[in-house]
Amino acid sequence: MKNEMSIGRGLFIERLHEEAEKTRFSMRVREEGRVLSTGDGIAAVSGLGEARLYELVELKNGNTGIVFDLRSEELGVVLLAGEGEIMAGDEVMRTGRTAYVNAGDELLGRVVNALGEPMDGGPAPAGAISYPIERQAPPIVKREHVSTPLMTGIKVMDSMFPIGRGQRELIIGDPSTGKTSICVDAIINQKKRGKNPDVLSIYAAIGLKKTHVIKIIDELKTYGDFSRTIVLAAYASDSLGMQYIAPYSAMALAEYFLDRGRDVLLVLDDLTKHAEAYRSLSLLLNRHPGREAYPGDIFFLHARLLERAARMAPEYGGGSITALPVAETQQGRISSYIPTNLISITDGQIYLDSLLFDKGFRPAVDVGRSVSRIGGKAQERVLKEVSERLKIDYSRFLEVEVFTKFGARLEEETSKLLGRGIRLREILRQPRLHPLPIDEEVMTFWAINSGALDRFEPELAEKACLDILARIKKALPRVMDEIRDKGSLERSGRSAVNEFLSSLK
């Protein structure tokens, strides 16, 4: 029934696109305009008195632009490509539709630009359909509560700051603190295994260097399942118009799969550069700047984007879009304009601290500043049990650790808390590109909760934990399979794990 409803809704949407094509053709015949001037990716156009805001227009040689500014005598059009080929006097024609992106299953495993056109040298997707990049967010009555986990494979996140399908979790921090690495690891972890086999991934690179994006693509191909991933790239060298529409195009691609009942992980890397592109466009269009020189509608710009990420109710397809937007801070100023806006829009944030990163604690997640407001309701039961008091105990450890710097004398209970916290911090270290399955995460925290690591020196805790984990996998394979496949563990399995860990003390 769910598949029939999803297919029916997809066919209905395709019919809407066909009607839009007919409207586009008729309006193209009716109304034409002329380019008055061009420069810096902006064209001034006259003669299109009926054009609408954000409408797509066609220019010379198949180039396109978006109506961005409505004036009494002319229009401000943001060019998407080919500015050098456009001259004053060239014809401009309305299309009667908003900008669109090519979407379809054929794009999986491909690298595309912000219009859905392949950039990897492969053939154009034959079965792709046009999807509008602007779309209203689903109303609340069509949404479902976030109750299904999305595992990232990152120990500190899955235990303390879990994410559910349909959630919006901001990744925030200074430059070069590992924000993109967390997102890449989360995508790699979506390859088929255990309870997480059906999540597709879309990585949107906005304003990044081409060499950096190529490196990310190579990592996804080497460590992940690239056949279930789409990379949408708007490089720093691309036009401001392409950088502006990139996150909306990526969201439209995600909505294509959402309408078909699929679950999608969407990474927007990063929205700070997107805001800078929009600020540049606004200044070129002579719009008055507001706070920190950003336009006054920058909050609405990101809110209308991220509100489209949701988990749909079963009667409306049951798909979900989980968004991981990335934002950059400068010198830890989490209260600056764009990060503050995004924090208020999203359902929590993972804050990466540069001091922790410099000390070698990676991923450098600041436990005190990070939060996941709704993900705890979606956390797997067995993982929730072993990490229930983890964040509280770790926060207490950080408070106690401050006093050790002054040589304060500690009570026995405080010393135990300090020792456990140091060992916990060591096992929370995790190398890049190596996300863990849920069974290994559960056993890692089970080992430290049982006290099996207490006999090891703190600097040896990580190595000892890996050794214990390898022995558990060899001695209790059925228990590991049960955790990985069901996300829970029966009483007999719990007894077996406790007995095994007790024998190690």
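The values are calculated or read from the model by the stated rules, or taken from the named source; none is laboratory data. From a predicted model like this one, the values you see are computed outputs, not experimental measurements. As a convention, Cβ positions derive from the backbone with ideal geometry for all residues, glycine included, and neighbour counts pool all protein chains shown. Remember, those area values only see protein heavy atoms, side chains included, never the ligands or the DNA or RNA. Shrake-Rupley method; radii C 1.70, N 1.55, O 1.52, S 1.80 Å.
Cβ neighbours within 10 Å, averaged per peptide: list 103-111, 388-396 in order, most packed at the top.
103-111, 388-396
Could you compute the net charge surrounding residue 67? Neighbours are other residues with a C-beta less than 13 Å from the C-beta of residue 67; K and R count +1, D and E count -1.
Overall, the nearby charge balance is -3.
How high is the relative contact order of the chain, in percent, counting Cα pairs under 8 Å that sit 6 or more residues apart?
16
Rounded to the nearest 5, what % of DSSP beta bridges with both residues in the chain are antiparallel?
Of those bridges, close to 55 percent are antiparallel.
Where Lys and Arg each count +1 and Asp and Glu each count -1, what net charge lies around residue 430 among other residues with Cβ under 13 Å from its Cβ?
Neighbour charge sum, excluding residue 430 itself: -1.
Please compute the modelled spin-label separation between residue 291 and residue 467, points set 7 Å along Cα→Cβ, answer in nm with one decimal.
Roughly 5.4 nm, to one decimal.
According to the square roots a ≥ b ≥ c of the eigenvalues of the Cα gyration tensor, what is the shape class of the stretch 291-354, taking rounded for a/c under 1.5, prolate for a/b larger than b/c otherwise, and oblate for the remainder?
Cα axes put the stretch 291-354 in the oblate bin.
How would you order 162-173, 208-219, 409-420, 333-344 from highest to lowest mean count of nearby Cβ atoms within 10 Å?
So the order, starting with the most tightly packed, is 162-173, 333-344, 208-219, 409-420.
Using a 1.4 Å probe on the protein heavy atoms, what percent of the accessible area of the chain belongs to carbon and sulfur?
Answer for the chain: carbon and sulfur cover 52 percent of the accessible area.
Taking the Cα centroid of the stretch 76-134 and of the stretch 323-344, what is the distance between the two, rounded to the nearest whole Å?
For the stretch 76-134 versus the stretch 323-344, the Cα centre distance is 30 Å.
Can you give the net charge of the other residues whose Cβ lies under 12 Å from the Cβ of residue 340, counting K and R as +1 and D and E as -1?
Net of charged neighbours comes to +1.
What shape does the stretch 181-329 have by the C-alpha gyration tensor, where a ≥ b ≥ c are the square roots of the eigenvalues, rounded means a/c under 1.5, and otherwise prolate means a/b greater than b/c and oblate the rest?
oblate
With viscosity set to 1.567 mPa s and temperature to 4 °C, compute the Stokes-Einstein D of the stretch 226-306, Rh being the Kirkwood radius across alpha carbon pairs; µm²/s, no decimals.
93
If each DSSP helix of 4+ residues adds -39,500 (n - 2.57) and the sum is divided by the residues in the chain, what number results at 222 nm, nearest 500 deg cm²/dmol?
-12500 deg cm²/dmol
Explain nothing, just the number: dipole magnitude of the stretch 54-179 about its Cα centre with +1 on each Lys and Arg Cβ and -1 on each Asp and Glu Cβ, in debye rounded to the nearest 20.
That gives the stretch 54-179 a dipole magnitude of about 740 debye.
Which length gain, in nm to one decimal place, applies between residue 34 and residue 145 when the Cα-Cα distance is subtracted from 0.36 nm times their residue separation?
35.0 nm
Quick one: what does P(r) look like for the stretch 254-398 with 5 Å bins over all Cα pairs, in whole %?
Values per bin, smallest distances first: 2, 8, 13, 17, 16, 16, 13, 9, 5, 2, 1, 0.
Roughly how many Å² is the accessible area per residue of the chain, as a whole number, for a 1.4 Å probe?
Averaged over the residues of the chain, the accessible area is 44 Å².
By per-residue mean of other Cβ atoms within 10 Å, what is the highest-first order of 475-487, 90-102?
Highest to lowest by the protection proxy: 90-102, 475-487.
What would the Debye formula give as log10 I(q)/I(0) at q = 0.29 Å⁻¹ for the alpha-carbon point model of the stretch 280-324, no solvent?
Here log10 of I(q) over I(0) equals -1.00.
Viscosity 0.692 mPa s, temperature 37 °C: Stokes-Einstein D of the chain from its Kirkwood Cα radius, in µm² per second?
133
Quick one: compute the contact order of the stretch 286-436, relative version, from alpha carbon pairs under 8 angstrom and 6+ residues apart, as a percent.
Once normalised by length, the contact order is 14 percent.
I'd like the orientation of helix 412-427 relative to the chain: the angle between its Cα long axis and the longest Cα principal axis, in ° from 0 to 90, rounded to 10.
Approximately 50 degrees, to the nearest ten.
Round to a whole angstrom and tell me the spacing of the C-alpha centers of the stretch 263-317 and the stretch 348-420.
32
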